[in-house]
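Note sheet for the following structure.
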Amino acid sequence: MFQPLVQALAGRGHDLTVVTSVPSSAPLPSNVYEIAPIGVDSLLDTFGNIFEIRKMGKLAFSTRFDVNTFLTLIQKGYADPKFQEVISQSYDLVIMNGFMNEGFLGAISHIGAPFVLITTMPAPAFLTQYTGNYLPPSFVPVPFWDLSDHMTFSERLINYAINAFFELSGMFLYRDRYQSVYREALGQETASMEDVYRNVSLIFMNSHFSLNYPRPNMPDNVEVGGMHCRPSKPLPKVNIFF
């Protein structure tokens, strides 16, 4: 959903600087500058064979995550001369993918512009809480599990435990390590992850209330499901013989 957003903003005359791990395959307009300091292959290598990991269970993807390799990639990103040049400039707005980008929150603090998060699914509780939007685990299921809004008591406990797992793992396993990496690159005075998150202006979610379970959304948690869709084109007319 990110490339259509870039194309739409560029089409309205905005000047965009895009930092991505998946370079655009189509020619870019003159008002879009794109760099890819970390390739998508390097990112996928931090997880191993994702198809095999999927067979190991629902939380295997999180537990098999190689944070040390990922931290090395973040260091590589900050060391990239083009990335250093990009974050030394001023911007009116920063838009960032809400997942797997915690290590680059330091860059947002360094730039100092308002920023927006975009999630490709309903934003989980560990993100919405920074906007004051607390999702009750009694009826809002985590998006990583096959639970509904009508949970038994045991399912509510499981739902609460999964939320707690992501919150505690981020707090004790990742947060300080991410901060140490970007503070080493940008200076020890760079804001903490929590302080950066608390200044998020909006969370755009690629979801729609008609396709998901009911959930409370504050005004700054906006569902934009289908934002990347475009008007359909008619199929070519061909002669078919059966």
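Assorted remarks:
- Qualifying residue in region 126-133 (condition: surrounded by fewer than 19 Cβ atoms within 10 Å (Cβ to Cβ) and more than 18 Å from Tyr197 (Cβ to Cβ)): no
- Residues located in region 171-186, provided they are modelled with pLDDT under 90 and either in a loop (DSSP other than H, G, I, E, B) or loosely packed, with under 15 Cβ neighbours inside 10 Å (or both): Met171, Phe172, Leu173, Asp176
- Residue count, region 33-84 (criterion: touching a helix residue (DSSP H, G or I) at 6+ places or on another chain (Cβ under 6 Å), modelled with pLDDT of 75 or more and assigned to a loop (DSSP other than H, G, I, E, B)): 2
Residue-wise test of (1) at negative phi; (2) free of Cβ contacts under 8 Å to residues at least 12 places away in the same chain; (3) touching a strand residue (DSSP E or B) at 6+ places or on another chain (Cβ under 9 Å).
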position	(1), (2), (3)
Ala161	yes, yes, no
Ser169	yes, no, no
Arg175	yes, no, no
Arg198	yes, no, no
Gly225	yes, no, yes
Ser232	yes, yes, no
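- Single condition Lys237 does not satisfy, out of (1) within 26 Å of Pro4 (Cβ to Cβ); (2) without any contact (Cβ under 8 Å) to a residue 40 or more places away in the chain; (3) basic (Lys, Arg): (1)
- Tallying residues that are part of a helix (DSSP H, G or I), touching a residue at least 12 places away in the same chain (Cβ under 8 Å) and farther than 22 Å from His228 by Cβ within region 85-144 yields 16.
- If only residues of region 1-32 that are farther than 23 Å from Ser207 by Cβ and touching a residue at least 24 places away in the same chain (Cβ under 8 Å) are counted, the one that is surrounded by the most Cβ atoms within 10 Å (Cβ to Cβ) is Val19.
- Condition check for Phe115: under 14 Å from Met193 (Cα atoms), loosely packed, with under 15 Cβ neighbours inside 10 Å, hydrophobic (A, V, I, L, M, F, W, C) and touching a strand residue (DSSP E or B) at 6+ places or on another chain (Cβ under 7 Å): no
The values are calculated or read from the model by the stated rules, or taken from the named source; none is laboratory data. None of the values given here were measured: they were computed from a predicted structure. Backbone-built Cβ (ideal geometry, glycine too); neighbour counts: all protein chains shown.
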